[in-house]
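The values are calculated or read from the model by the stated rules, or taken from the named source; none is laboratory data. Small disclaimer: the values here were computed from a predicted structure and weren't measured. Here the Cβ is made from the backbone with ideal geometry for all residues, glycine too, and neighbour counts use every protein chain on show.
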């Protein structure tokens, strides 16, 4: 990540990109990759914003389809990871999910994850059919937090489509330590039937509880696309539904995967990642629990910690390409 521009006297709040003022195309070229952005219309008629990050010179070693987390998007700090992976030979593709970033939909309202998964499959199938040179390459899923749950649901729907999955602090089950106790879930479900878009669910500020480094909290907070409101009732009810489902299906997971989690994560529970690792029937599975690290492993930690996590991901990919 470019750091020098953050040392200037210009206020941080005016930076157009998380790395500073360098225009996107110049930044990508300086880092030895190429990138595109466009809009994709899903079969259900939603207009979704998409990006790609690819190596400039060589044929990619593999394809990585990436899914961001709740309230996030693919145009701010999320980019740091696909830029790194593209520098090391991987073609990365991602889209802003419904209600996130520059995609259509009410902000942070995700009433049906199954339809979101349809969107992801449609986009990823479009990418491979439009780029025949990618079809024969290994295909990997990459998901952060809620995106990790979506990746597992995609695997459960089509177990043979992908060659592996990288799961970063996945929201694959709501821990009993933080799950609302009866009758709260039942009340939420009842009220959500009438006012599903109401943003009233009380939760801590995810940025504060995800990002450890003070400077990076400021940078993450500058994201113009970040959702800053309270979670919407319909979204919370849907996340409870799909995490309950994934939690019951951990034994059906057979895809090769690496799950990475910080021991100090209070957004998603590292014990649930341990449970995934223990129950999954994958013949090839790896778990990394990083002592003292928080939820945002690939941006919010110190640069040294981020580099440790990146290298673990890269090593895992290289061993499977």
* Using beta carbons and a limit of 7 Å, which pairs, at least six apart or on different chains, have the first residue in the stretch 234-262 and on the phi > 0 side of the Ramachandran plot and without any contact (Cβ under 8 Å) to a residue 60 or more places away in the chain and the second one buried (at least 23 other Cβ atoms within 10 Å of the Cβ) and part of a helix (DSSP H, G or I)? -> none
* Could you list, in sequence order, all residues of the stretch 199-217 that are at pLDDT 90 or above and surrounded by 15 or more Cβ atoms within 10 Å (Cβ to Cβ)? => 199, 207, 209, 210, 211, 212, 213, 216, 217
* Structure fact -> Across (1) assigned to a helix (DSSP H, G or I); (2) crowded, with 23+ Cβ neighbours inside 10 Å; (3) touching a strand residue (DSSP E or B) at 6+ places or on another chain (Cβ under 6 Å), residue 246 clears everything bar (3)
* Residue selected from the stretch 34-82 under the condition out of contact with any strand residue (DSSP E or B) (no Cβ under 6 Å at 6 or more places or on another chain) and in a helix (DSSP H, G or I), by the criterion surrounded by the fewest Cβ atoms within 10 Å (Cβ to Cβ) -> 80
* Among the candidates 283, 307, 278, single out the residue that is part of a helix (DSSP H, G or I), more than 23 Å from residue 71 (Cβ to Cβ), more than 19 Å from the chain's Cα centre (by Cα) and without any contact (Cβ under 8 Å) to a residue 60 or more places away in the chain. => 278
* Structure fact -> Condition set more than 19 Å from the chain's Cα centre (by Cα) and in contact (Cβ under 8 Å) with a residue 12 or more places away in the chain, scope the stretch 42-56, selection farthest from residue 236 (Cα to Cα): answer is 56
